[in-house]
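Peer 1: This structure is in structure tokens; I'll ask about it shortly.
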Amino acid sequence: MRLFQNASIQRKQMLVIMLTSIVALLLACAGFITFEIVSYRQELVWNLTSLAQMFGETTSGALDFNDSKAAEDTLSALRVRPNIVAACIYTKDGSPFAKYVRSDVAAGFSVPKQEMDGHRFTIGRLILFRGIEQKGDQIGWIYLESDLGRLTARLKEYAMIVTAVVLASMLVAYLLSSRLQRWLSEPILQLANTARAVALEKNYSLRATKQNQDELGMLTDDFNAMLNQIQQQDAALQSANESLEKRVEERTQELESSLSLLHATVESTADGVLVVNRERKITTYNQRLVSMWRIPESLIASGNDE
């Protein structure tokens, strides 16, 4: 799951398209196979019922005359039906009268107990009981057991066909998704590349190219509008910074001019001037002070250092 989350949007789209197609195909195949199984089982029950009715009518005379040999000869005709595993004729009281068993299961076969009309599916088998009537009277029962070999073989064929169809569909879905996903992924990738370039280069004049009029086109318009606002704000901020720098430079020049004027005024006065700040450091003096008091400038400088 983490691998899917970290995959690129192109791969995610391809995987989603392929997975959706394959799941839909598998569901359709499962529905088709289920329908075929149900239909085949219903057809098998109908065929076995018709066969039981036919052999019941054929052996009714043998039952009536208590001729089990004739009934077994009649049942031996089931050899032409390889799906019939066993057959048995019962008398009216449920006693076995005649039977037929396919050669490959004859060794382990035992005649089952007679049951009422009905059928049931077991593992690999369909078992059916039907009553034998003659002139409206119940004179016996017939039992037929059929294997489901044809159904198993058909299911194997279906499995092979489904496997081949799924593999072919995966290939077709991959080829189609690799082309069709570009319609969706290319605008997103183009938008992502533009956003990355803006973040790296700090160039807010870049714009994403609008390719469609869908939601991605609306997203592109909103992204470009956001870049336009950022560009305007950046230009206003840059202009404000330039104006501030210019004002600071002007104030610095004004201060330097004032200091020069003050220094010239101090030097031009006839009195000696000595200016000391709060820390008792000499900030300025004039040459008149030096000449009046005959103080060496080095002494004034050394006093400043102390």
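Peer 1: Determine whether region 89-100 contains at least one residue that is within 30 Å of THR34 (Cα to Cα) and either free of Cβ contacts under 8 Å to residues at least 12 places away in the same chain or under 52 Å from the mean Cα position of the chain (by Cα) (or both).
Peer 2: Looking through region 89-100, none of the residues is within 30 Å of THR34 (Cα to Cα) and either free of Cβ contacts under 8 Å to residues at least 12 places away in the same chain or under 52 Å from the mean Cα position of the chain (by Cα) (or both).
Peer 1: Looking only at strands (runs of 3 or more DSSP E) that fall completely inside region 70-150, which ones have 2 or more residues that are of a type in the set (S, T, N, Q)?
Peer 2: 137-147
Peer 1: Related question: Are there any pairs with C-beta distances below 7 angstrom linking a residue in region 11-30 that is surrounded by 14 or more Cβ atoms within 10 Å (Cβ to Cβ) to a residue that is outside any helix (DSSP H, G or I), with the two at least 6 apart or on different chains, and if so which?
Peer 2: Hits for this filter: GLN13/GLN181; MET14/GLN181; ILE17/GLN181.
Peer 1: Further, regarding this structure: Tell me the residue from GLU254, GLU249 that is within 24 Å of ASN286 (Cα to Cα) and among the charged types (D, E, K, R), please.
Peer 2: Result: GLU254 is the single residue among GLU254, GLU249 that is within 24 Å of ASN286 (Cα to Cα) and among the charged types (D, E, K, R).
Peer 1: Quick check on my filter: what residues within region 152-193 are at pLDDT below 80 and among the β-branched types (Val, Ile, Thr)?
Peer 2: ILE188
Peer 1: Name the residues in region 262-276 that are open to solvent by 60 Å² or more (accessible area, probe 1.4 Å) and either among the basic types (Lys, Arg) or in a loop (DSSP other than H, G, I, E, B) (or both), would you?
Peer 2: Scanning region 262-276 gives ALA270, ASP271.
Peer 1: So, one more: If you scan region 34-60, which residues turn out to be under 15 Å from PHE129 (Cβ atoms), among the β-branched types (Val, Ile, Thr) and touching a Ser or Thr at 6+ places or on another chain (Cβ under 7 Å)?
Peer 2: The answer is THR59, and nothing else.
Peer 1: Follow-up. Would you be able to tell me the number of residues in region 76-92 that are open to solvent by 30 Å² or more (accessible area, probe 1.4 Å) and in contact with a Gly (Cβ under 6 Å, 6 or more places away or on another chain)?
Peer 2: Residues that pass the stated criteria total 2.
Peer 1: Do we have ALA87 as in contact with a helix residue (DSSP H, G or I) (Cβ under 7 Å, 6 or more places away or on another chain) and more than 18 Å from ASP147 (Cβ to Cβ) here?
Peer 2: When the stated conditions are applied, ALA87 does not pass them.
Peer 1: Here's something else I'd like to know. Considering only region 205-225, how many residues are open to solvent by less than 60 Å² (accessible area, probe 1.4 Å), under 12 Å from THR194 (Cβ atoms) and not in a loop (DSSP other than H, G, I, E, B)?
Peer 2: 3
Peer 1: A follow-up question, please. Working carefully through the options ASP104, ASP147, ASP73, ASP137, find the one that is open to solvent by less than 40 Å² (accessible area, probe 1.4 Å) and of a type in the set (Asp, Glu).
Peer 2: Only one candidate qualifies: ASP147.
Peer 1: Continuing with this model, one more query. Criterion first (part of a helix (DSSP H, G or I), within 20 Å of ASP147 (Cβ to Cβ) and at pLDDT below 90) does ILE22 satisfy it?
Peer 2: It is false that ILE22 is part of a helix (DSSP H, G or I), within 20 Å of ASP147 (Cβ to Cβ) and at pLDDT below 90.
Peer 1: Just to verify a result, which residue in region 150-168, among those that are in contact (Cβ under 8 Å) with a residue 12 or more places away in the chain and open to solvent by 40 Å² or more (accessible area, probe 1.4 Å), is farthest from LEU44 (Cα to Cα)?
Peer 2: My answer is VAL165.
The values are calculated or read from the model by the stated rules, or taken from the named source; none is laboratory data. These figures come from a predicted structure and were not determined experimentally. Cβ atoms come from the backbone with ideal geometry, glycine included; neighbour counts cover every protein chain shown. Just so you know, the surface numbers come from the protein's heavy atoms only, side chains and all, with ligands and any DNA or RNA stripped out. Shrake-Rupley method; radii C 1.70, N 1.55, O 1.52, S 1.80 Å.
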